[in-house]
Amino acid sequence: MKQKIVYAMLLVAAASLVNLSCKKESDPETNGHLQQTKTYSSDVVKKWLAVQLPLLYSPAVSYGVNPGRYMAYCGVALYEAVVPGMPSYQSLYGQLNDMPQMPQTEPGKAYHWPTCANAALAEMTRKLFTFTSATNDAAQKLEDELNVAYKTEIGDTAIFERSKAFGKAVAEKIAAWSTTDHPWSSWSSLVLTNNSPGLWWPENNNPTIANGLAYWGDTRTMVAGSIDNVTSVPYVYNDAEVVSSYYKDFKEVYDLSKNLTYDQKRLAKYYDDPAVNGYPGGSSYISVFKQILEQQNPALDISAFAYAKTGISLFDATIGSMKAKFHFMQERPFQFIRRVIEPSNDPATWWKPFISTPPYPDFPANHAVFSGAFSEALTGIFGDNLSFTNSTYKGKMIDLGKGPEDMGSYSYKSFYEFASAIAISRVYGGIHTRHAVEEGTKQGIKTAQNINSKVKFRKE
């Protein structure tokens with residue numbers, strides 16, 4: 001009888017321990033950080049990209065070459081807002097140039113990482129996308145919509161409010177940091193004085209270059225040393241010898257322009273990224289990034305990691321490219337061709353490229369640098385044989401001589417194939433030489449590789 005009583009008491013005690021354990025595991029206040037970032041989808045990131053992209057498309061006011069900058073700061077804010085829920089990863093504080101120390105989560109307290117991400121991206125969108133009045137309404141609408149859904153999902157007001165406050169606190173720090181990266185904003189505009197053969201001169205013949213372009217290369221990089229030793233050099237100027245590398249480089253652009261195929265025209269137009277009815281300044285890469293997330297559907301942790309790493313690479317690559325351009329000051333194809341290959345004093349008969357020439361020097365090709373860095377960063381995350389489709393301009397109509405048609409999509413077997421297509425498209429478009437795009441691609445790749453060697457996202 002005594003043994004039965006003892007046995008019954010042990011059963012009751014065991015049951016109590018089980019109940020206590022279950023309660024502890026289900027209590028969000030004691031189990032918060034065990035709910036890791038990787039357990040959530042990346043829907044919050046996709047939704048914010050879907051808000052930002054319409055703001056970037058065909059803007060009423062130019063935002064210059066800022067897209068990489070927007071992506072970098074948004075990516076870092078997102079990453080820092082959810083990295084406390086990523087045990088194998090660490091903050092970028094102490095690794096990025098002048099980055100402030102980040103707010104800390106409360107020990108033992110639960111956080112809902114999608115709510116943190118929502119608050120961070122909402123704040124960053126409002127702080128960075130200031131070139132259009134549509135920003136505030138679009139940001140507020142999505143932020144409120146997701147907050148309602150997340151508050152219901154969490155079922156705990158304290159966790160929701162704490163998560164929202166943490167995400168916003170991170171974004172406020174990152175946004176304040178972003179305002180210190182561009183001292184050129186107060187510099188005088190660059191006034192060109194040398195119009196010698198071989199040097200770039202604006203097509204509109206206005207020698208005054210707004211500082212936002214001329215001194216963009218002096219923007220603070222996110223990673224110290226990221227653009228060191230990445231730039232090659234243009235061919236030595238020579239317009240007299242047809243066998244010189246310089247002459248042949250420009251002559252190829254001219255020869256191609258006389259017999260462009262349908263496919264070459266389509267590729268050139270697809271990656272033209274015009275300011276009207278397009279994604280100017282490199283913002284199409286943000287569209288491609290969104291499509292990668294949609295097609296690969298990684299969890300929130302990988303999406304935040306990819307957003308930050310790719311944004312940093314694109315931003316620093318932009319700085320390096322603009323710095324090199326205004327250092328070398330190499331002429332554009334239209335200058336060489338009109339002066340040497342097909343000279344004419346009549347503007348009506350001047351040679352014209354297939355797409356419009358941007359208002360800055362030739363070497364290196366911006367888009368080649370951008371796509372090289374973008375592709376190298378994503379390859380390091382998703383691998384070098386990932387197939388994906390770029391439908392950025394699907395639905396946009398164009399006439400290439402066969403009547404109006406949909407620009408459609410392009411599919412690629414790797415990010416490097418994507419970068420190569422973008423590079424050669426600029427030669428078909430008549431705005432860059434082959435040397436400018438090939439060396440530009442290498443520069444972008446080297447920039448991303450420098451970043452990869454210097455910035456450690458994962459804990460060692």
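The values are calculated or read from the model by the stated rules, or taken from the named source; none is laboratory data. It should be emphasised that the depicted structure is a prediction, and the values quoted were computed from it without experimental measurement. Neighbour counts are summed over all protein chains in view; Cβ atoms, including those assigned to glycine, are modelled from backbone coordinates with ideal geometry.
General remarks:
- Residue among VAL253, VAL236 that is closer than 19 Å to ILE422 by Cα and assigned by TED's automatic domain parsing to the domain that holds THR318: VAL253
- Considering only residues in the stretch 108-132 that are closer than 24 Å to SER41 by Cα and surrounded by fewer than 17 Cβ atoms within 10 Å (Cβ to Cβ), the one that is modelled with the highest pLDDT turns out to be LYS109.
- Among the residues of the stretch 328-381, those that are more than 34 Å from the chain's Cα centre (by Cα) and among the hydroxyl-bearing types (Ser, Thr, Tyr) comprise SER344, THR349.
- The residue that is nearest to PHE354 (Cα to Cα), among those in the stretch 221-254 that are within 28 Å of the chain's Cα centre (by Cα) and surrounded by 18 or more Cβ atoms within 10 Å (Cβ to Cβ), is PRO234.
- Residues (farther than 18 Å from THR157 by Cβ and touching a helix residue (DSSP H, G or I) at 6+ places or on another chain (Cβ under 6 Å)) located in the stretch 100-123: PRO100, MET102, PRO103, ALA117, ALA120, LEU121, ALA122, GLU123
- Some residue of the stretch 34-57 being of a type in the set (Val, Ile, Thr) and outside any helix (DSSP H, G or I): no
- Elements of type helices (runs of 4 or more DSSP H) in the stretch 271-343, at least 3 residues being in contact with a strand residue (DSSP E or B) (Cβ under 9 Å, 6 or more places away or on another chain) and either buried (at least 24 other Cβ atoms within 10 Å of the Cβ) or outside the structural domain of VAL51 (by TED's automatic domain parsing) (or both): 284-296, 300-328
- Among residues of the stretch 133-148 being assigned to a helix (DSSP H, G or I) and surrounded by fewer than 15 Cβ atoms within 10 Å (Cβ to Cβ), the one that is farthest from the chain's Cα centre (by Cα) is VAL148.
- Any pair with Cβ under 9 angstrom, 6 or more apart, that starts in the stretch 344-356 at a residue that is in the same structural domain as ASN205 (by TED's automatic domain parsing) and ends at one that is basic (Lys, Arg): SER344/ARG338; TRP350/ARG338; TRP351/ARG338; PRO353/ARG332; PHE354/LYS265; PHE354/LYS269; ILE355/LYS269; ILE355/ARG426
- Exactly one residue out of ALA419, ALA368 is of a type outside the set (Val, Ile, Thr), without any contact (Cβ under 8 Å) to a residue 60 or more places away in the chain, crowded, with 24+ Cβ neighbours inside 10 Å and within 30 Å of PHE334 (Cα to Cα): that is ALA419.
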